[in-house]
1. Go over the candidates ILE40, ILE16, ILE4, ILE26 one by one and state the one that is modelled with pLDDT of 90 or more, of a type in the set (A, V, I, L, M, F, W, C), out of contact with any Leu (no Cβ under 7 Å at 6 or more places or on another chain) and loosely packed, with under 15 Cβ neighbours inside 10 Å.
2. Would you please list the contacts, defined by Cβ atoms under 6 Å and residues six or more apart or on different chains, that run from a residue in segment 39-53 that is under 12 Å from PHE64 (Cα atoms) to a residue that is exposed (fewer than 15 other Cβ atoms within 10 Å of the Cβ) and among the basic types (Lys, Arg)?
3. Being over 22 Å from ASP93 (Cβ atoms) and of a type outside the set (S, T, N, Q) narrows it down to one residue among TYR14, TYR73, TYR58; which is it?
4. Considering segment 48-75 alone, what residues qualify as being over 13 Å from the mean Cα position of the chain (by Cα) and assigned to a strand (DSSP E or B)?
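The values are calculated or read from the model by the stated rules, or taken from the named source; none is laboratory data. What you see is a predicted model, and the numbers here were worked out from it, not measured in a lab. All Cβ positions, glycine included, derive from the backbone under ideal geometry; neighbour counts span all protein chains shown.
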Amino acid sequence: MNGIRKQWLFYPDYIIKTTDGNIWIIETKGGMQAGHTKNIDRQVENKFNAFKEYAKKYNLHWGFVCDIDEELYMNNTIYTEDMSGDNWIPLDDVLK
């Protein structure tokens with residue numbers, strides 16, 4: 001819910017099964033190109049935090065996936081618009 005008590009719904013983009021048998025719920029967002037954000041979703045941080053709480057409650061594998069200059073990265077720890085921090089991990093290192 002937001003500050004005016006309006007509930008917002010969103011539906012993740014992908015449900016995938018990895019080769020090790022884990023099920024992941026994935027939301028995709030804009031990412032960065034040439035050091036500038038491509039994200040157009042003003043509610044991205046709220047969605048990230050709601051998704052994080054939901055996944056924790058139900059013990060789910062999840063993540064937000066964005067690209068940096070067309071290379072995919074995932075985050076499921078702390079949302080930051082700047083993707084240069086340690087919380088954005090190359091997708092290939094997470095999903096095997």
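1. The match here is ILE16.
2. Filtered contacts from segment 39-53: no entries.
3. Exactly one of TYR14, TYR73, TYR58 is over 22 Å from ASP93 (Cβ atoms) and of a type outside the set (S, T, N, Q), namely TYR58.
4. Matches in segment 48-75: ILE68, GLU71.
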